[in-house]
Structure formats: structure tokens, C-alpha cells
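Here's the structure, in C-alpha cells; my notes come after.
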Amino acid sequence: MTTREKLSELLTENGLDPDSILYRETLTDFLEKTPEAGVFLLTANEDPSEAVVDVYGGGHVSLAAQIGSGLAFAESRDNQWRSDERVTVAVRLGDVLDQGGLIYPVESVITEKVWYLTLPESKIVVRRV
């Protein structure tokens, strides 16, 4: 099975598509302003520590750093981490897929459904929620 086929199967199995919205709490210092109000660029973490399932390889749990720079996003908002320094941002999954990124399930004990998104262009457009 090709990577594209595995990606399509993963999205279908989890009820996701290019229009799906995922969320992340981030420090405001990490948001790069754009000309559009409420729209920012967020830079990939070059050394991510999330434990991810490599569904495109052997299916083993590995560190996200082994599959490429990116960021983790959750399927639902979790406002418990919000503060003056932290805000919630949303990303459209299609924006990640359009730049050639992949999505990996994260082994998380904090939030129910978390996904690690690789970001080949190193940045992604996010909107403040």
C-alpha cells in the first residue's frame, strides 16, 4: 500500500478530511503575524518529542523527530492551558496535506485525539480561536 493510500485510509477511519479543523494551544510569542487579522504563521518544531505511531512504516511507536519536523494538534479544543501567554489556534488539515505533510496518531495520555502533522514547508497558517 502506498503512502497516499495509507493516508486516505487513516483519514477515512478517523472521520477526517481536508476540511477538518484541528486545534493547538500555543504561546503567543510563537505566532508570526500576517496581514490578515486573526491569521498567523506557526513554525514547525524541529525537535518534537511526541510519541507517534508510524502508520506509513512498520506501525511502531517512535518519536516524532524521527519522522520530521512538525506540530501536534488535537481534534478538540482544551481551554485548560489558555492564559495571557497561551492562545488556542486552529489549522485546516487540507493546508497541511497541500504542502505534502502527513498526519500521524499521537500516543497521548493528556488529550483524547491528538495528531502529529509534519510540515515540509516548516510553517503553517493558523487562525486564532
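The values are calculated or read from the model by the stated rules, or taken from the named source; none is laboratory data. Predicted model only: the values in this text are computed from it and were never measured. Cβ coordinates were reconstructed from backbone atoms using ideal geometry, including for glycine residues, and neighbour counts include every protein chain displayed. Surface areas here come from the heavy atoms of the whole protein model, side chains and all, with no ligands, DNA or RNA. Shrake-Rupley method; radii C 1.70, N 1.55, O 1.52, S 1.80 Å.
Being farther than 20 Å from SER122 by Cβ and open to solvent by 90 Å² or more (accessible area, probe 1.4 Å) is a property that GLU75 lacks.
Evaluating ARG4 against the criteria (1) open to solvent by 50 Å² or more (accessible area, probe 1.4 Å); (2) within 16 Å of VAL129 (Cβ to Cβ) leaves one unmet condition, (2). Open to solvent by less than 80 Å² (accessible area, probe 1.4 Å), among the polar types (S, T, N, Q) and modelled with pLDDT of 95 or more, is that true of THR34? So THR34 passes the test. Within segment 100-112, being surrounded by fewer than 15 Cβ atoms within 10 Å (Cβ to Cβ) and modelled with pLDDT of 90 or more holds for one residue alone: GLY100. Residue selection: GLY38 fails the criterion of being in contact with a Pro (Cβ under 7 Å, 6 or more places away or on another chain) and not acidic (Asp, Glu).
Restricting attention to segment 29-61, the residues being under 22 Å from VAL129 (Cβ atoms) and among the hydroxyl-bearing types (Ser, Thr, Tyr) number 2.
The residues of segment 37-52 that are closer than 13 Å to THR118 by Cα and either open to solvent by less than 40 Å² (accessible area, probe 1.4 Å) or not hydroxyl-bearing (Ser, Thr, Tyr) (or both), listed by number, are LEU42, ALA44, ASN45, GLU46, ASP47, PRO48, GLU50, VAL52. Residues of segment 4-19 that are free of Cβ contacts under 8 Å to residues at least 40 places away in the same chain and not polar (S, T, N, Q): ARG4, GLU5, GLU9, GLU13, GLY15. Given the structure, is GLU50 under 15 Å from the mean Cα position of the chain (by Cα) and under 21 Å from SER122 (Cβ atoms)? Here the answer is yes, as GLU50 does meet what is asked. Condition check for THR12 on (1) among the polar types (S, T, N, Q); (2) modelled with pLDDT of 95 or more; (3) surrounded by 14 or more Cβ atoms within 10 Å (Cβ to Cβ): one failure, at (3). Among the residues of segment 95-129, just one is assigned to a helix (DSSP H, G or I) and over 11 Å from the mean Cα position of the chain (by Cα), namely ASP98.
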